[in-house]
Amino acid sequence: MMNTIYNELNDALQEFKRLGIAEQFDFQKLYLYSIITHSTAIEGSTVTEIENTLMFDEGIVPGGHNVMEQMMNLDLKRAYDYVNGLLDKNIPITVDFLKQLSALVMRNTGSSYTTALGSFDSSAGDLRLVNVSAGRGGKSYLNYQKVPQRLADFCTWLNDERQKTFTDDAEVYALSFEAHYRLVSIHPWGDGNGRTSRLLMNMIQMEKGLLPSILKKENKAKYIEALAVSQDNEDSTMFVDFMMKSMVEFINKSIDEFTA
């Protein structure tokens, strides 16, 4: 099954590149805006792609949305801009770097929390000092006391994987989806775990010169289900497979629209 989807993704990417779809005027910018819009929509934002384009390019704040929605999108835009400036530097992924990414994502929408163990601030990228559940059947994420070491182990694993030789593009995507799964399953922060994990996923793809994958808001339920099943089984296969199929579906749709 996995080899089949690998081949499908590689074939779709080859045709996408042959057609020069990404070379269209403003494609990279508008595609990034779409990634941001859908990533925040998965977390509850109702700001549209057109509204984000006006807000990012013209500074026109969309009406009919609360300030938190607007700031959620602006924060994520700044986080992607920051990552884009690092793509050719091959920087190591460290706990401090991940905390910095989270702080950018949550800059204006994060909160301070006070616990018996002290306070932590999600807008500063602080790791959580409380235990949290997934909101589905009360399943708990990793105990907060284990988060620092697990996050350090994650960084070691990811840096080793990033330095390996990839035989094709699908292998890079598979690594990025696995990293997404592992980071969001550690759930290091009080909020913003999904957005930060998707940002890291896209960073891994873009630093290898690949089209960053987009997770459409219409696929939110399937995304959450695939993540939940993989977490329950402690096996990332279903999640990675879902993400691979979603990427193939998006690329093929883009090809169909371009050649229509």
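Do we find that residue 189 is of a type outside the set (S, T, N, Q) and surrounded by 20 or more Cβ atoms within 10 Å (Cβ to Cβ) in this structure? Yes; evaluated as a whole, the condition is true for this residue.
Does at least one position in region 165-179 carry a residue that is within 24 Å of residue 126 (Cβ to Cβ) and crowded, with 21+ Cβ neighbours inside 10 Å?
yes
May I ask you to verify whether residue 97 is on the phi < 0 side of the Ramachandran plot, more than 18 Å from the chain's Cα centre (by Cα) and among the aromatic types (Phe, Trp, Tyr)? Spelling it out, it is not the case that residue 97 is on the phi < 0 side of the Ramachandran plot, more than 18 Å from the chain's Cα centre (by Cα) and among the aromatic types (Phe, Trp, Tyr).
Restricted to region 15-32, and to residues there that are under 20 Å from residue 57 (Cβ atoms) and touching a residue at least 12 places away in the same chain (Cβ under 8 Å), the residue that is surrounded by the fewest Cβ atoms within 10 Å (Cβ to Cβ) is 22. Just one of the listed residues (81, 75) is in a helix (DSSP H, G or I), at pLDDT 95 or above, surrounded by 14 or more Cβ atoms within 10 Å (Cβ to Cβ) and of a type in the set (Asp, Glu), namely 75. So for region 100-113 (the condition being touching a helix residue (DSSP H, G or I) at 6+ places or on another chain (Cβ under 9 Å), free of Cβ contacts under 8 Å to residues at least 12 places away in the same chain, of a type in the set (Ser, Thr, Tyr) and more than 22 Å from residue 39 (Cα to Cα)), does at least one residue qualify? So far as region 100-113 goes, yes, one or more of its residues are touching a helix residue (DSSP H, G or I) at 6+ places or on another chain (Cβ under 9 Å), free of Cβ contacts under 8 Å to residues at least 12 places away in the same chain, of a type in the set (Ser, Thr, Tyr) and more than 22 Å from residue 39 (Cα to Cα).
Assess whether residue 4 counts as being modelled with pLDDT under 95, among the hydroxyl-bearing types (Ser, Thr, Tyr) and assigned to a helix (DSSP H, G or I). Criteria met by residue 4.
Restricting attention to region 84-102 and to residues that are touching a Lys or Arg at 6+ places or on another chain (Cβ under 9 Å) and under 20 Å from residue 124 (Cα atoms), the residue that is surrounded by the fewest Cβ atoms within 10 Å (Cβ to Cβ) turns out to be 93. Going through region 88-107 one residue at a time, which ones are charged (D, E, K, R), outside any helix (DSSP H, G or I) and over 17 Å from residue 207 (Cβ atoms)? 107 - this is the single residue of region 88-107 that is charged (D, E, K, R), outside any helix (DSSP H, G or I) and over 17 Å from residue 207 (Cβ atoms). For region 114-125, which residues satisfy the criterion of being without any contact (Cβ under 8 Å) to a residue 40 or more places away in the chain and either part of a loop (DSSP other than H, G, I, E, B) or within 18 Å of the chain's Cα centre (by Cα) (or both)? Matches in region 114-125: 116, 117, 123. In region 38-62, the qualifying residues are those that are surrounded by 15 or more Cβ atoms within 10 Å (Cβ to Cβ) and assigned to a loop (DSSP other than H, G, I, E, B), and the one that is farthest from the chain's Cα centre (by Cα) is 62.
Condition check for residue 35 on (1) surrounded by fewer than 17 Cβ atoms within 10 Å (Cβ to Cβ); (2) of a type in the set (Val, Ile, Thr); (3) at pLDDT 95 or above; (4) not in a loop (DSSP other than H, G, I, E, B): one failure, at (1).
The values are calculated or read from the model by the stated rules, or taken from the named source; none is laboratory data. Please read these numbers as outputs of a predicted model, since none were measured by experiment. Methodologically, a virtual Cβ is constructed for each residue, glycine included, from the backbone with ideal geometry; neighbour enumeration extends over all protein chains shown.
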